[in-house]
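The values are calculated or read from the model by the stated rules, or taken from the named source; none is laboratory data. Computed from a predicted structure; not experimentally measured. Here the Cβ positions follow ideal geometry from the backbone for every residue, glycine too, while neighbour counts run over all protein chains shown.
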């Protein structure tokens, strides 16, 4: 279920509010976007932007979505040029139409959200923001209202139930799993990995020479401390370290080649197990490194990866089944679209140029919880990154 949800968020982008909850026109002070709507020019027009099976998609709902999306582009310092503006119109209407199609399909399937279930899950979800103050701060950043977020949350739950029912018959047999494994064996080969610990003495990118020299001296002191007879690397890391790994003795875990920034990687791979080296300078500062262990490269057997492959194939097939179902529902529905982007203006830019709606739309997810990035994870940085640890993010399997 969770893998299906994640795939759908990435591919369908259906975060719209249910149309039947949008028939009451918003008052001028109904949401934080009221003032912004005065400043951001919404597309001209009156009446619904679309109809699905005779149900109106109200223009005020479209306008609110449009304003929120443009606001987020502007906050990210992206210029909303005419071609992008027209594409936004098309995409927002499509999302709203898809949401109403799903709402109507839910009724046909007999899928509904019990009030008690919805209230319970909303309270659980809201707690992920940390506090009421944090939730209000999120609303302000996103340029949205609690009512909008709650409607989006309700639509997401309904959508998940509808899609789960539409894909419940999907199965994968062992022959399919085995065939995929045989054709993609190299994906499951494990390269050589090493385990290391480090002590990082941070240095700001533009630190003056005297500060850099002082930091290097501090790293040399850490190196001398770990080489002292009877000392433990973990203890010294806790005393000297300046990144979150100090709380676990500097442990970086296992990693393969290509995960570390170059100076760190070259140092580790050139060391023997048990050897300590440093100070090694990287873009993060000075490191004292201890090579702990080596895992030889190996080919993982089918039995070890069978469950992983099966879950991946089921998720893929469910995603396709849901896509097919949605397209079929849309063909069956009587859809009339009134608000469309101007093809001539949209043609001025390549399709999708500058258009990342998932990042531009106000999302209902907080920046904490199981889907949030762990601040202690170790990443290799892009040119403008700010992490202070030497490992890049692994590619998805």
Subject >> Considering residues of the range 47-79 that are surrounded by fewer than 17 Cβ atoms within 10 Å (Cβ to Cβ) and under 22 Å from residue 346 (Cα atoms) only, the residue farthest from the chain's Cα centre (by Cα) >> reply: 79
Original post:
Which residues, taken from the range 195-213, are under 29 Å from the mean Cα position of the chain (by Cα) and over 24 Å from residue 226 (Cβ atoms)?
Top reply: 204, 205
Original post:
Only one of (1) modelled with pLDDT of 90 or more; (2) outside any helix (DSSP H, G or I) fails for residue 163. Which number is that?
Top reply: (2)
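To keep it simple, each residue is scored yes or no on (1) surrounded by 14 or more Cβ atoms within 10 Å (Cβ to Cβ); (2) modelled with pLDDT of 95 or more; (3) in a loop (DSSP other than H, G, I, E, B); (4) not assigned by TED's automatic domain parsing to the domain that holds residue 42.
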position	(1), (2), (3), (4)
351	no, no, yes, no
366	yes, no, yes, yes
370	no, no, yes, yes
383	no, no, yes, yes
386	no, no, yes, yes
389	yes, no, yes, yes
